[in-house]
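The values are calculated or read from the model by the stated rules, or taken from the named source; none is laboratory data. The model shown is predicted, which means the values in this text are computed figures rather than measured ones. We place every Cβ from the backbone using ideal geometry, glycine too, and count neighbours over all the protein chains shown.
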């Protein structure tokens, strides 16, 4: 609130198109002269079209010459048949004055702040220089002084400690940490506190949540079955490690978008490409082609919002109405992702283990070899038993017409009957302690159940005849 720019501009302030003029155009003019319609050959959503020649041969905006600008003449016309906008209230005197000044100052059409190059502005001068400890303080104090406000007093050490802990780790300080910080009177106590928290593993766990929210991280696929995403936790841990290791942001981005293409290929880079598998996935869509392009749209949308800060997905159906993104650019970006193999429930399992080094790989291969050898051994034993059974069966039915179909039917009936009887085994299990505690005792002479006595006598054994002090029922 203290840093919010004021709505009214001082007479000496330079007109800013994005702040002062564009909102007027968007609210009062775009309905007829915007991205969707350009009546009379005028579109006010882009500079080149606003300065172009109209169908009438006039120019709506002539930079530096407000009296030669058809736009200014029409919005200030006394004749209702010529005045713009044709419906609703006309522009008020203050709005017309802003547009006149804007044209007189050259009709500068600044790009949105997000598209302007990053600059290092000069720190404003302030009266209370002793209050400023860093450049950010200078900008805050300058705005406070402009509004005749005083800065808040410094927080005490305990409040500062709690704020820093919650901000960097999301956890409160422990009593020992409180005592240590309050007793630390050295000038760099605060700086050392920050360094310690930034070096803690909880820092990455706390701030990774912001990134995981942005990239729509989830451990299930959503939709009605909401099946799990196997091993997706590896991507979560990758983000946490990247923050704790202070990985450069440009490397962080490249690994997620093209980790499998960056030499040398490492497990860390491959895990980073899990970014592509975080979205919704319908394992049984009604229209598979539509579902595939919905998935691609989700990738384009997330990439635009996370890495570009733009709502690129608006251009799926039409040129973007606010951001400079034509439909052609949307589908060019979608084509970049089109080669990604879609998830499927059919086909071979292409899951592969990841290894940090050859030692881990060789150890894994040896474990797989031992497991397969053990499996083959067990399968041989099973096969021998089956052959023995077949031999006995054939001998006992010698002379009968024994067919393989009979054996197959026998195997199926054995499987079916066993499956049908599985619920019966549940009845053989003893009741759990918590299930029995839910029973209601209605007899006044009833004694506590053995399980209850064990619960109330933790020092006793598990024998049901253990004696325990119980209140006498009345």
Tell me which helices (runs of 4 or more DSSP H) are completely within the range 128-236 and hold 3 or more residues being under 28 Å from residue 270 (Cα atoms) and modelled with pLDDT of 95 or more, or say none if there are none.
201-214
Unique match (being loosely packed, with under 10 Cβ neighbours inside 10 Å and not assigned by TED's automatic domain parsing to the domain that holds residue 59) among 122, 78, 93
122
Can you tell me how many residues within the range 148-167 are surrounded by fewer than 11 Cβ atoms within 10 Å (Cβ to Cβ) and more than 34 Å from the chain's Cα centre (by Cα)?
6
Based on what the data block shows, is residue 258 exposed (fewer than 14 other Cβ atoms within 10 Å of the Cβ), over 14 Å from the mean Cα position of the chain (by Cα) and in a helix (DSSP H, G or I)?
yes
Looking only at the range 379-399, how many residues end up being exposed (fewer than 10 other Cβ atoms within 10 Å of the Cβ) and outside any helix (DSSP H, G or I)?
2
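A quick yes/no check of all residues on (1) more than 24 Å from residue 308 (Cα to Cα); (2) out of contact with any helix residue (DSSP H, G or I) (no Cβ under 7 Å at 6 or more places or on another chain); (3) without any contact (Cβ under 8 Å) to a residue 60 or more places away in the chain; (4) not assigned by TED's automatic domain parsing to the domain that holds residue 308:
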residue	(1), (2), (3), (4)
221	yes, yes, no, no
224	yes, yes, yes, no
247	no, yes, yes, no
251	no, yes, yes, no
261	no, yes, yes, no
271	no, no, no, no
288	yes, yes, yes, no
Among the residues that make up the range 363-378, is at least one of them part of a loop (DSSP other than H, G, I, E, B) and over 27 Å from residue 211 (Cβ atoms)?
no
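Conditions (1) more than 30 Å from residue 63 (Cβ to Cβ); (2) in contact with a helix residue (DSSP H, G or I) (Cβ under 8 Å, 6 or more places away or on another chain); (3) free of Cβ contacts under 8 Å to residues at least 40 places away in the same chain, marked per residue:
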{"site": "116", "(1), (2), (3)": "no, no, yes"}
{"site": "137", "(1), (2), (3)": "yes, yes, yes"}
{"site": "160", "(1), (2), (3)": "yes, yes, yes"}
{"site": "163", "(1), (2), (3)": "yes, no, yes"}
{"site": "166", "(1), (2), (3)": "yes, no, yes"}
{"site": "181", "(1), (2), (3)": "yes, yes, yes"}
{"site": "188", "(1), (2), (3)": "yes, no, yes"}
Identify, by number, the condition in (1) modelled with pLDDT of 95 or more; (2) surrounded by 12 or more Cβ atoms within 10 Å (Cβ to Cβ); (3) closer than 30 Å to residue 195 by Cβ that residue 100 doesn't meet.
(3)
State all residues of the range 12-45 that are free of Cβ contacts under 8 Å to residues at least 40 places away in the same chain, surrounded by fewer than 14 Cβ atoms within 10 Å (Cβ to Cβ) and within 37 Å of the chain's Cα centre (by Cα); if no residue qualifies, say none.
23, 27, 37
